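*Asks:* The structure follows.
The values are calculated or read from the model by the stated rules, or taken from the named source; none is laboratory data. What you are looking at is a predicted structure, and each value in this text was computed from that prediction instead of being measured. Every residue, glycine as well, gets a Cβ built from its backbone with ideal geometry; the counts of neighbours run over all protein chains shown.
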Amino acid sequence: MSRLRFGLTFLIAWLALDRLATAPPAPGRSLLALAIAVLVVADLRGLARPPLRTCLIALVAGALVVTGYLGGAALLGVSLHLRPDWPLVLAGVLIFHGLAEEFVWRGLAFRWLRERHSFGRAVAWSMPLIAVTHVPLLFGAPWFVAVLGIVTAAVTCVPLAWLWEHGNRTIWAPAIVHAAIGMWQLWERDYPPTFSLVVVGSSIVLPLLVLLVPLSPTGSARAARPASLR
């Protein structure tokens, strides 16, 4: 794929996601976003079968993120209340953040970069690219929340790309962690601003723990390990 074609494909897919995004994500619009992403990207390699071990690592990391939310709330004395429609929100989070966004962010953008650069350089290029897609937060959220969201999107490029690389270059493992990061939307937003810092801290720090697990790239991903970030 040429640079121009990649840019146009990424722009169209991003605009579709941005236009269909809701807070919290609605299942119907999330399914539409996923369908458009698949049609626009037109590359199903990211949906291949992933290694079981990588998915298990992602499940553990995702569980740690949600545990971080709950533990942080407990330490702060914050009472979290599930939304009445939490099953629908859960479906929306899984489809939109887990599948639709990962199909574009890792399945298209990072794959294109990785085919041209080392792992470390591809991650470095993807961080500002994905951060830019979250700039619209500045127009719909308090500035400090928006800035923290942009920083989170940039930093999580590292562990999510690592899971993609070691997951046979498929989106399944990063989708698990990405969806877990979005689980904070299952609760009513009657919590204090301090809990937002818990969400950001857990979202940034805990997924990075996957880098501590010794794995070698498998399948089509026999390329640089995360050590190439050095």
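*Asks:* Would you mention how many residues in the stretch 1-59 are of a type in the set (Val, Ile, Thr), under 27 Å from Val135 (Cβ atoms) and part of a helix (DSSP H, G or I)?
*Replies:* Narrowing the stretch 1-59 to residues of a type in the set (Val, Ile, Thr): 9, 12, 22, 36, 38, 40-41, 54, 57.
From the residues that got through so far, the ones that are under 27 Å from Val135 (Cβ atoms) too are 9, 12, 22, 36, 38, 40-41.
Restricting the remaining residues to those that are part of a helix (DSSP H, G or I) gives 9, 12, 36, 38, 40-41.
Within the stretch 1-59, residues that are of a type in the set (Val, Ile, Thr), under 27 Å from Val135 (Cβ atoms) and part of a helix (DSSP H, G or I) number 6.
*Asks:* Determine which single condition Gly7 fails, assuming it passes every other condition in (1) touching a residue at least 12 places away in the same chain (Cβ under 8 Å); (2) closer than 25 Å to Asn168 by Cα.
*Replies:* Only one criterion in (1) touching a residue at least 12 places away in the same chain (Cβ under 8 Å); (2) closer than 25 Å to Asn168 by Cα is unmet by Gly7, namely (1).
*Asks:* While we're looking at this one, here's another question. Considering only residues of the stretch 159-201 that are assigned to a helix (DSSP H, G or I) and aromatic (Phe, Trp, Tyr), which is farthest from Ile130 (Cα to Cα)?
*Replies:* Phe195
*Asks:* Looking only at residues that are in a helix (DSSP H, G or I) and in contact with a Ser or Thr (Cβ under 6 Å, 6 or more places away or on another chain) in the stretch 110-136, which one is farthest from Val155 (Cα to Cα)? Explain how you work it out, then say what you get.
*Replies:* Step one: list which residues in the stretch 110-136 are in a helix (DSSP H, G or I), which gives 110-114, 119-133, 135-136.
With the extra rule that they be in contact with a Ser or Thr (Cβ under 6 Å, 6 or more places away or on another chain), the set shrinks to 110, 113, 119-120.
Details: Phe110: 14, Leu113: 17, Phe119: 15, Gly120: 13 Å.
Ranking the candidates gives Leu113 first.
Yes or no, residue by residue, for (1) of a type in the set (Val, Ile, Thr); (2) modelled with pLDDT of 95 or more; (3) closer than 13 Å to Leu17 by Cβ:
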{"site": "Val38", "(1), (2), (3)": "yes, yes, yes"}
{"site": "Ala48", "(1), (2), (3)": "no, yes, no"}
{"site": "Ile57", "(1), (2), (3)": "yes, yes, no"}
{"site": "Ala73", "(1), (2), (3)": "no, yes, no"}
{"site": "Leu80", "(1), (2), (3)": "no, yes, no"}
{"site": "Arg83", "(1), (2), (3)": "no, yes, no"}
{"site": "Trp86", "(1), (2), (3)": "no, yes, no"}
{"site": "Val89", "(1), (2), (3)": "yes, yes, no"}
{"site": "Arg111", "(1), (2), (3)": "no, yes, no"}
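*Asks:* Can Leu209 be described as surrounded by fewer than 24 Cβ atoms within 10 Å (Cβ to Cβ), of a type in the set (A, V, I, L, M, F, W, C) and part of a helix (DSSP H, G or I)?
*Replies:* On the way: surrounded by fewer than 24 Cβ atoms within 10 Å (Cβ to Cβ): yes; of a type in the set (A, V, I, L, M, F, W, C): yes; part of a helix (DSSP H, G or I): yes.
So Leu209 fits the description; yes.
*Asks:* Among the candidates Leu75, Leu82, Leu52, single out the residue that is more than 27 Å from Asn168 (Cβ to Cβ), surrounded by fewer than 18 Cβ atoms within 10 Å (Cβ to Cβ) and out of contact with any Phe, Trp or Tyr (no Cβ under 8 Å at 6 or more places or on another chain). Can you show your working first?
*Replies:* On the way: Leu82 fails: out of contact with any Phe, Trp or Tyr (no Cβ under 8 Å at 6 or more places or on another chain); Leu52 fails: more than 27 Å from Asn168 (Cβ to Cβ).
Just one listed residue meets the conditions, Leu75.
*Asks:* Can we say Gly71 is within 30 Å of Leu215 (Cβ to Cβ), within 17 Å of the chain's Cα centre (by Cα) and not hydrophobic (A, V, I, L, M, F, W, C)? Steps first, please.
*Replies:* Working: within 30 Å of Leu215 (Cβ to Cβ): yes; within 17 Å of the chain's Cα centre (by Cα): no; not hydrophobic (A, V, I, L, M, F, W, C): yes.
Against the criterion (within 30 Å of Leu215 (Cβ to Cβ), within 17 Å of the chain's Cα centre (by Cα) and not hydrophobic (A, V, I, L, M, F, W, C)), Gly71 does not qualify.
*Asks:* So, one more: Return yes or no: is Pro128 free of Cβ contacts under 8 Å to residues at least 60 places away in the same chain, under 20 Å from the mean Cα position of the chain (by Cα) and surrounded by fewer than 17 Cβ atoms within 10 Å (Cβ to Cβ)?
*Replies:* Numbers: free of Cβ contacts under 8 Å to residues at least 60 places away in the same chain: yes; under 20 Å from the mean Cα position of the chain (by Cα): yes; surrounded by fewer than 17 Cβ atoms within 10 Å (Cβ to Cβ): yes.
Here the answer is yes, as Pro128 does meet what is asked.
*Asks:* Can you name the condition, by its number, that Asp18 falls short on among (1) out of contact with any Pro (no Cβ under 7 Å at 6 or more places or on another chain); (2) exposed (fewer than 14 other Cβ atoms within 10 Å of the Cβ)?
*Replies:* (1)
*Asks:* Please determine whether any residue of the stretch 134-153 is modelled with pLDDT of 95 or more and β-branched (Val, Ile, Thr).
*Replies:* No; the residues of the stretch 134-153 include none that is modelled with pLDDT of 95 or more and β-branched (Val, Ile, Thr).
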